[in-house]
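One structure below.
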Amino acid sequence: MARIVGGITTSHIPAIGNAIAREMFEDPYWKPFFDAYPPVRAWLDEVKPDVAIVVYNDHGLNFFLDKMPTFSVGAAPEYQNKDEGWGLQPLPPYPGDPELSWHIINSVVAEDFDLCTCQEMAVDHGFTVPMSLLWPDRAKMGGLKTIPLVVNTVQHPLPSPARCFKLGQALGRAVESFDKDLKVVVIGTGGLSHQLDGERAGFINKNFDLMCLEKIVDDPEALTKYSIHDLVRLAGAQGAELILWLVMRGALTGTVSKLHSNYHIPISNTGAGLLLLENAA
């Protein structure tokens, strides 16, 4: 049977991709951010997951304001990265796992979640930046396959934190009912607090971010009590990306242990959080 070995949260800011491409790892602005990732990479090297489910929000590459599904799942044999206009050079494609994707889709739809099923999907920085942070040497990915899970955080109405946590729980049950012996890691991306436009542009709420980093480990249900409007007020217009983290946390079905965490500001006017949670049986 497949099992979820752990969950990871990380920011997906496009500026990170540019800093990686320019090898700015020792730059004073970037060094405290990049220095947080080696413990997570070491865990991945040790555990060697077979599949990474990446929970992120599409930034206009597949969907735009005229057509914005709430939840979308990739079911393609590979995922191409394309130019978004941020100055990021497209990366080589990432292999998919259509068999597991379809199992997840069928299982989650059976639990009354309506999904947009994508048999072709391009992946943007929301997907590629976390993958580059966690596997900077793609050779170490080995045979790792990927499944993109896209959640709308752009066009209101957005799915509530409670709804996203329940989606994660359905995802966890789907993975663990798959009859192949696979190790799966779930990656929740985005956030934490940030606002990119309007009168509050540059807004960061450190106290709220640190509370989220604490609660999501041992008391994630407390975060599900917030509304989307609460998240916008407390964490900025783009701080609603916390719901992506809640999908990840809902998928962890066992006893959760925090192995590593980090919080750093400012990275591109964003509170950048990092968590590694191990999912014990």
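Throughout, read-outs are computed from the coordinates displayed, never taken from laboratory work. Predicted, not measured: the structure shown is a model, and the values here were computed from it. Quick reminder, even Gly has a Cβ in these numbers, built from the backbone with ideal geometry, and neighbours come from all protein chains shown.
Just for the chain, what percent of DSSP beta bridges are antiparallel, to the closest 5? Intermediate results must be reported in sequence, preceding the final value.
Details: 19 of 43 bridges.
So the antiparallel bridges in the chain amount to around 45 percent.
Obtain the nm distance between the two label points defined at residue 102 and residue 218 by a simple spin-label model: each point lies 7 Å from its Cα along the Cα-to-C-beta direction.
Label-label distance for residue 102 and residue 218, simple model: 4.4 nm.
For the range 27-107, taking Cα atoms only, what is the radius of gyration to one decimal and the Dmax to the nearest whole Å?
Just the Cα atoms of the range 27-107 yield Rg and Dmax of 16.3, 47 Å.
Of 85, 164, 227, whose Cα points farthest to the positive end of the dipole of the range 3-280 (charges on the beta-carbon: +1 Lys, Arg; -1 Asp, Glu; origin at the Cα centre)?
About the Cα centre, the residue reaching furthest to the positive side is 227.
Would you list which aspartates and glutamates come within 13 Å of residue 145, measuring only between C-alpha atoms, while excluding same-chain residues fewer than 8 positions from it?
Straight-distance partners of residue 145: 50, 78, 97, 99.
Ranked highest first by the average count of other Cβ atoms within 10 Å around their residues, in what order do 30-42, 6-18, 225-237 fall?
Details: 30-42: 16.1, 6-18: 24.1, 225-237: 18.2.
Per-residue Cβ counts within 10 Å, averaged per peptide and sorted highest first, yield 6-18, 225-237, 30-42.
Quick one: what are the phi-derived ³J(HN,Hα) couplings along the range 240-254, Karplus 6.51/-1.76/1.60 with θ = phi - 60°, whole Hz, x for glycine and proline?
Values, residue by residue: 5, 4, 4, 4, 5, 5, 5, 4, 4, 5, x, 6, 7, 9, x Hz.
If you find the alpha carbon centre of the range 222-246 and of the range 11-29, how far apart are they in angstrom?
Measuring centre to centre over Cα atoms gives 26 Å.
Viscosity 0.890 mPa s, temperature 25 °C: give me the Stokes-Einstein translational D for the chain in µm²/s, with Rh taken as the Kirkwood radius over C-alpha pairs.
Working: Rh = 18.5 Å.
This corresponds to a translational diffusion coefficient of 133 µm²/s.
Please compute the net charge surrounding residue 30, taking Lys and Arg as +1 and Asp and Glu as -1 over other residues with Cβ under 15 Å from its Cβ. Please report the intermediate quantities before stating the final value.
Numbers: positive: 22, 31; negative: 23, 26, 27, 35.
Once all neighbours under 15 Å are counted, the net charge is -2.
Calculate the all-directions average of the projected area of the range 171-221's alpha-carbon convex hull, and give it in nm². Walk me through the numbers before you get to the answer.
On the way: hull surface 21.8 nm².
Averaged projected hull area, Cα only: 5.5 nm².
Beyond 21 Å, what share of the Cα-Cα pairs of the range 1-136 is found? Please give it as a whole percent.
Tail fraction, whole percent: 49.
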